[in-house]
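The values are calculated or read from the model by the stated rules, or taken from the named source; none is laboratory data. Worth saying up front: this structure is predicted, and the values here are computed from it rather than measured. A quick note on method: Cβ atoms are made from the backbone with ideal geometry, for glycine too, and the neighbour counts reach across all protein chains shown. Each accessible area value is taken on the protein alone, full model and side chains, heavy atoms only, with ligands, DNA and RNA left out. Shrake-Rupley method; radii C 1.70, N 1.55, O 1.52, S 1.80 Å.
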Amino acid sequence: MKRRHGRVRRLLAHEGRWLASLVWWVARRRFGVAAGERALPYAAAQSALVYGLTFVCVVETAGVHAMLADVPVARVVMLVVDVYTVLMLLGFQAAAVTRPHVLGTDHLLLRDGARREIRIPLDRIASVRYDLRFSHDGKADKDGEGSGKGKGSGKGMDSGDGKGGGGSGVWSLAVGGQTSVTVELTAPVVAVRLSGRRDEVRTVRFHADDARGAMAAVRAARVAADERTPAADGLTADAA
């Protein structure tokens, strides 16, 4: 029972986040990007699909509203459902726009709109590379890889289901059916799904509008974090 209540709370919190994202979107603001941190947008890859579906829903809403002119109760019910559907589609895009990936001085925060996010300490990043992968309908292999070419090929196939292979230790934050950057970790980090399930993740694949720029920025931040560590250790030793 507690688990069910926890899942309901998480779903309600998700609804609240995408609804709030609509307000942030209209205000042209981003959520959770502090001064000195770099936003890495990823929403462009899905915008055409989202806007296309929204247009279709608006046309369908107008058609159904006209068809049910003689059935007022059903007309109101369908109008509420259709308007909520349109808001949900726009909220999906708004969450992606207002909640970009964030690169800080000591962490990389990767997001999946209002649904999920994973915070990676920079000192746990072993490597980051440009790695274009497209989702497909098949299941991922046991090690989390898709049926495409190997890791270093730059192109391959991924499960793309957003679940990241479950127990494989791989999380995939696909946008528009693709990921373009792969991050390998030296030690696992814990990531929480929308359902509340906790995964230990060692590999994260995500998409960025400027994938090569994001890759270079993460590499540079990783090097800068390494350079700061000895200095901090020296200061601690001197103080002692």
| task | Calculate, in nm to one decimal, what L87 and A216 gain on full extension: separation in residues at 0.36 nm each, minus their alpha carbon distance. | result | 42.9 nm
| Residues with amide H under 5 Å of E37's amide H, sequence separation 5 or more or different chain, H placed in the peptide plane at 1.01 Å from N; which? | none
| What whole number of Å gives the distance from the Cα centroid of region 21-90 to the Cα centroid of region 100-136? | 26 Å
| note | Interchain or sequence-distant (5+) residues whose placed amide H lies within less than 5 Å of the amide H of S127 are E184
| task | Within the set of other residues whose C-beta is less than 13 Å from the C-beta of A216, count the net charge using Lys and Arg as +1 and Asp and Glu as -1. | result | +4
| task | List, in order, the whole-Hz ³J(HN,Hα) value for each residue of region 66-71 obtained from phi through the Karplus relation with A = 6.51, B = -1.76, C = 1.60 and θ = phi - 60°; use x for Gly and Pro. | result | 6, 5, 9, 4, 8, 10
| task | Run the quick spin-label model on R30 and S127: label points 7 Å from Cα toward the beta carbon, then report their separation in nm to one decimal. | result | 2.8 nm
| remark: Sequence order, region 53-60: Karplus ³J(HN,Hα) from phi using 6.51 cos²θ - 1.76 cosθ + 1.60, θ = phi - 60°, Hz rounded, Gly and Pro as x, gives 5, 4, 4, 4, 5, 5, 5, 5
| Considering only protein heavy atoms, what per residue accessible area in square angstrom results for region 11-125 with a 1.4 angstrom probe? | 55 Å²
| field | Pairwise FRET efficiency - V189 versus R75, Cβ, R0 = 41 Å, nearest 0.05 | value | 0.25
| field | Ranked by how many other beta carbons lie within 10 Å on average, peptides 67-80, 185-198, 103-116 from highest | value | 103-116, 185-198, 67-80
| Which far-off residues, 5 or more places away or on another chain, put their amide H under 5 Å from the one on I120, with H placed in the peptide plane? | L108, L109, L110
| remark: Carbon and sulfur atoms account, in whole percent of the 1.4 Å probe accessible area of region 61-100, for 83 percent
| task | Quantify how much of the Cα-Cα distance distribution of region 1-96 extends past 17 Å, in percent. | result | 64 percent
